Each structure stands twice: as structure tokens, then as C-alpha cells.
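Some notes on the structure that comes next.
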Amino acid sequence: MDPALPQRLALSCATVQDQALFEALTACLARQLALDYVALSRLAPRKDGRLVAHGLALYRGGEPCPAEDYLLEKGPGQLTLEQDRCRLDGPLYRQFPRDRRLGQYVDASYQGWLLRDAQQTPIGLLCLIHGGPLPPPQALDDLLAPYLPRLSDELQRHRQLQARAAHDQRQQLLLEHSLTLLALLDADGHLLSVSQALCQALGSPESALLGRPLWSLPPLVQDPQLAGELKQSIKLVRRQGQRLRRLLSLPSPGQEARQLDLVIHPLPDTAEGTGRVLLEARDISHWLRDCQQQMQERSQLARALQQTGVLAWRWEVDADRWHWLTPVPTAFAGVTDLASLLAHWSAAEGAQLAQLLARSWQQGDAWQFEGSWQGKDGTPLWVRLQGAAEGGQLPASRLWGLLENRDQAHRLRQRQRQREARLGRELDLLSLCQLQSGHPLAERLRQVCLACARLLELDRVSVWRYRGRQLENLHSFHRPSDRHVQEPSVTPAQFAALFDYLPAQPFLDAHHARVDPRTREANASFLAPRQIQALLAQRIGSTEAPLGLLLLAQEHQPHEWQDDEIELAHRLAQLLAQWL
């Protein structure tokens, strides 16, 4: 190696920096050492995480060439990355067949140095390749020792300048084309740049605004207090280095004040420390009015839903928070999350509901579920719960829907089904009675009492005939014991209503016979011994010529006799009148 080389290298690199330094260093090494390939590159990761060397300066055969990019993993650069300095003597093209740079030389040798920034992050690579032996490794290390730290500093500075230039370019594009009100301020609060939207809002051209203090703009001149608050906000942003967001109300003469969503951004300082800030403001007056209108509409909807017994709800899936969006009756209060919701259902219904919620959350399906809700006081209510995912993104972050109290409608449906079932059984009973017309009277009465008790689920059914001032029992059936019984005759002293009230009236329906004023006097003599709680007595025959009575009874609890049951007793009495 030429002893004068360090001095020539020092002269070449003494007064240059940045790209000029990169070019001078690579040129001096390539020409003074007569090397085939000298390159300086900066390192940057790709999207897949692999490091790429982006060329900054390249000399091939002593002549400058366009810089080239290459992947480190394809050649000896990967070893340099792992070892910080790597020396490999040729031939190397077989060891690294994918590195096209080494394939150009038959007996290529390589030496590389990794450059790091102040945080020890790899930022650059200097490599020498020659189709023959390179100078001794230690000699090269001694030659470049003064310059490697300087190269690292210049690469770091080069990277910062590029980032700043890209930032300024994006910022200028934003200011020129943004529909948002934007203003760039210097450390003294003067306008450095403004967006076209701000020029239009103020009614002034850009040339009339640049260089003016922010506080001289008409809206802030009219409201000194607002200007003072804005100054304090900007000082706070500069001092803390964090963005600040606030709502700004700008007065407009003769009009409603404009509501602005203002964000103050601190910008990276230049080397001189300008302390610039970017003001970003959006007019949200229309949005606020729309929100107020929506809140009023929601309030009206909530009142309407409350009057119809419908509740609106929303479930935040990630936070597991359940919200009622309408006033909540006591029976549905206390639900705060999914667990407290499912606690109001039976285990089977809760599992089914949880499955519907999970499918709606994951797949966005709308769903509907009906079941028995257990209120806070233990009272069951029949409700319909329906919902769907909010928004189009899956899995959904929120579900919403309605809960409708359908207890009254459910009870009406149940009563209707029970009535239809009773009507079917009553038709079967009447058909059976018609078929019994050819049998002896005792057998007919036996079959009628048995069928009537079983089909209508009555505890007692009995047929009685008047014998002067007594009632003679023709036949009785007791369903709980499944026995046909013969009861003793009844006198007016035992049950006066059967002799005084019924001959003049077609029937007597005592839902609670123990307290009914028409039947309670027979509690001790007739009702209690037979454990009767509800009694339906139907007259057989006409008012002028009563023949007897048909008694239908329920034990243990009161029973509200339905119209269809009274109608059936009347039709049976007509049939029994023919038989008697």
C-alpha cells in the first residue's frame, strides 16, 4: 500500500460532507488502491423485514457508476451484519452464487465494514471487492479508522435530512390540497403557510396572509379572550411536545358562532430550533347540529318504545358492557354484562341465547329469541329478544337490538290454545254421549261421568235427580282416586242453594266456592268433606220442571270457569234431560 495514501485520503475528505463525502471516499479508495468495486450503501428494512442495501456511491474499475441496491442475505453482506467487519479471500463466487457482484470476478476477495448510528442500529455498509488479493486487513482497518465514525455520523444526518424533506413535501401537499383549515406557524406565531380552505374561509388570498401574526386574523381580533387562550395552548404544546385538542367557538357577526375542532401539532425542530406548530381545524357546526337532532329523535323514540313496552339495548363485545338505551322497568334492571343477562334465563335458554349472540358477533347474523325472563322479584315474564351486529366489520365490536315484553300476548295465546284444546275434548265428549244412547241408563251415566272428568281434567263429576225436597245421586266419578262412587242424598239443610237458587237459574258458577255468598253456607256440610274449592252446578230440565243437576267440581284450589265449560255443561244437561 502506498505510504502517501492516508494523506491523499485526508485531503480528499477534509472539507466535504454528506453526498460529497461519500463520493470522495469511494473514489479515492477505488483509484488509489486500484480496486475493482467500492460501494457505500445505507441499510433499510423491506416490508417483509429483510435488510436491503441502497447504494449511495459506487465506483467500478475506478470509474463512477449508478448506485445499485441488493439484498444482504444473498452475499457476504449478511456476514458483515453479524460480525461488524468481515474479510473473505477468494474465490467467493461458489460460496455466494446468488451475489451477481462476485460472479463478475474469477478470484474475488471481499472486505466490509458495518456502520451504526448512536443507538447502535445498523445504518450503512462500506464494502471492497477485488478480482485478486486485497491489501492486508489490518492495513485497511488502520487506513479507514478515522473515517468510519464520520461516515456513520454523515449517514445518520443524511437519513434525518431525507426524512425532513419527505415530511415537508407531504406537509406542503396537505396544505395545498386539504379541505381542512390548516396553518403553519413559526416560533413567533407568524403564518408560514396556509391551506386553500383557510384562505377561502377568511376571504383572503394566500399572499395577504403569509407573514402575518395569527392574532391579527379577524376572528381573533374580535375576541381577545379567545386569542389569549389560543396563545396559552400553543405555548403548552411547544413546552410539552405533545399535541393538544380543544373545541373552539368562533364568533360570526349576525350568524350563529362556528364550532371548530382544533388540534395543535408540534413539528420536529430544525437544527436552528424554529419551534413550528401546525394548527388543524375542522368546522363541526353542522355535525353538532345533526348530533343534537339525532339525540332529540332518539329521545322521542325512547319515549315511544317505553310506551309500547319495547326496550333498546347495546352490547359492547370487547369490554363486555351491556347498556339499556331506553328507561328500564324494575324487572329488567341490573343487567351490566353478558353474565348478568344470562342469569335471568334458565340454563337451557341461557345457553341457546349465548350461542345466538356468539354467531351474531362472529358472522353478523340477525337473530330473534323468545323465552321466559326471570325478573328481579322472581316473577317470570315472556319476552322477545332480537338483535344484530353493528357496522360491517367482523368480528363485530358491538351488538344492538330490542327487548319486547310479550307476557300479556303470550298468556292470551296460551289461553287460546287451552281453549282450543278444551273445545276439541268437549266435542269428543259430546260424540261419546251420542254413541251411548243405546245403552242402559246406568251405563250411560257411568261413561259420561268418566269421560267428562278425564277429558276436561275435572276432579269430580256427578249427576243428581230431584226426589221431592231431596237430591238423589244417580252417579259420581272421582278422578284423583279413579273411582266410581255412590254419594248420599242431599237435603236443603245441607245445601240450600241447590234447591232455592238453581231451579230459577240455569247454572251456578262458583269460582271460589268456599267464599262465594251463594255456596259458602254449605262449606261444612257439603264442600269441605269433599275438598271442593270450585263448583259448577248446571240445571237439568226447565225452570218449570227441573229434573236434576249436573255438578262439576275442582279440588284443592279455586278455578275460574270459562264460557266454553259452562256451554258444555248446558249441552250435557240437555242430553241428560232426554235420558232422565
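The values are calculated or read from the model by the stated rules, or taken from the named source; none is laboratory data. Bear in mind the structure is a predicted one, so any value in this text is a computation, not a measurement. Don't worry about glycine lacking a Cβ; one is built from the backbone with ideal geometry, like all the others, and counts go over all protein chains shown. The area values use the complete protein model at the heavy-atom level, side chains included, leaving out ligands, DNA and RNA. Shrake-Rupley method; radii C 1.70, N 1.55, O 1.52, S 1.80 Å.
Here are the numbers:
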| quantity | calculated |
| --- | --- |
| Residue count, the stretch 497-515 (criterion: part of a loop (DSSP other than H, G, I, E, B), surrounded by fewer than 19 Cβ atoms within 10 Å (Cβ to Cβ) and of a type outside the set (Val, Ile, Thr)) | 6 |
| Unmet criterion (only one of (1) at pLDDT 80 or above; (2) touching a Lys or Arg at 6+ places or on another chain (Cβ under 7 Å); (3) within 30 Å of GLN386 (Cβ to Cβ); (4) not β-branched (Val, Ile, Thr)) for GLY401 | (2) |
| Answer residue from the stretch 197-211, given it is touching a residue at least 12 places away in the same chain (Cβ under 8 Å) and under 19 Å from LEU250 (Cα atoms) and is surrounded by the fewest Cβ atoms within 10 Å (Cβ to Cβ) among those | LEU202 |
| Residue satisfying all of: in the stretch 262-276; among the charged types (D, E, K, R) and surrounded by fewer than 17 Cβ atoms within 10 Å (Cβ to Cβ); modelled with the highest pLDDT among these | ASP269 |
| Cβ pairs under 6 Å, 6+ apart, first in the stretch 474-490 and more than 19 Å from ALA573 (Cβ to Cβ), second at pLDDT 90 or above and not in a strand (DSSP E or B) | ARG479/ASP459; PRO480/ASP459 |
| Leading residue by the ranking (farthest from ASP459 (Cα to Cα)) among those in the stretch 524-544 that are open to solvent by 50 Å² or more (accessible area, probe 1.4 Å) and part of a helix (DSSP H, G or I) | ALA524 |
| Pairs where the first residue, in the stretch 61-73, is closer than 14 Å to TYR37 by Cα and in contact (Cβ under 8 Å) with a residue 40 or more places away in the chain and the second is surrounded by 11 or more Cβ atoms within 10 Å (Cβ to Cβ) and of a type in the set (D, E, K, R), C-beta under 9 Å, 6+ apart | PRO64/GLU23 |
| Residue count, the stretch 531-580 (criterion: under 60 Å from the mean Cα position of the chain (by Cα) and not aromatic (Phe, Trp, Tyr)) | 23 |
| Scope the stretch 477-496; condition open to solvent by less than 40 Å² (accessible area, probe 1.4 Å), in contact with a Leu (Cβ under 9 Å, 6 or more places away or on another chain) and assigned to a strand (DSSP E or B); matching residues | PHE477, VAL490 |
| Selection count, the stretch 17-38, where residues are part of a helix (DSSP H, G or I), under 14 Å from LEU128 (Cα atoms) and touching a Phe, Trp or Tyr at 6+ places or on another chain (Cβ under 9 Å) | 6 |
| Test result for THR121, open to solvent by 30 Å² or more (accessible area, probe 1.4 Å) and of a type in the set (Val, Ile, Thr) | yes |
| GLY49 over 30 Å from LEU161 (Cα atoms) and either out of contact with any helix residue (DSSP H, G or I) (no Cβ under 8 Å at 6 or more places or on another chain) or part of a strand (DSSP E or B) (or both) | no |
| Residue in the stretch 548-565 that is of a type in the set (A, V, I, L, M) and open to solvent by 20 Å² or more (accessible area, probe 1.4 Å) present | no |
| Residue ID - surrounded by the most Cβ atoms within 10 Å (Cβ to Cβ), chosen from residues in the stretch 318-334 that are hydrophobic (A, V, I, L, M, F, W, C) and within 18 Å of ALA358 (Cα to Cα) | TRP322 |
| Only listed residue being open to solvent by 40 Å² or more (accessible area, probe 1.4 Å) and hydroxyl-bearing (Ser, Thr, Tyr), chosen from SER41, SER12 | SER12 |
| Count - residues of the stretch 79-102 that are open to solvent by 60 Å² or more (accessible area, probe 1.4 Å) and outside any loop (DSSP other than H, G, I, E, B) | 3 |
| Helices (runs of 4 or more DSSP H) fully within the stretch 166-247 counting 3 or more residues that are closer than 18 Å to ILE264 by Cα and modelled with pLDDT under 85 | 224-240 |
| Complete set of residues in the stretch 524-566 that are of a type in the set (Asp, Glu) and touching a residue at least 24 places away in the same chain (Cβ under 8 Å) | GLU555, GLU560, ASP564, GLU565 |
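For every residue, the table says whether it meets (1) at pLDDT 80 or above; (2) under 22 Å from the mean Cα position of the chain (by Cα); (3) open to solvent by 30 Å² or more (accessible area, probe 1.4 Å); (4) under 15 Å from LEU403 (Cα atoms).
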position	(1), (2), (3), (4)
GLU349	yes, no, yes, no
GLN355	yes, yes, yes, no
GLN363	yes, yes, yes, no
ALA366	yes, yes, yes, yes
ARG384	yes, yes, yes, yes
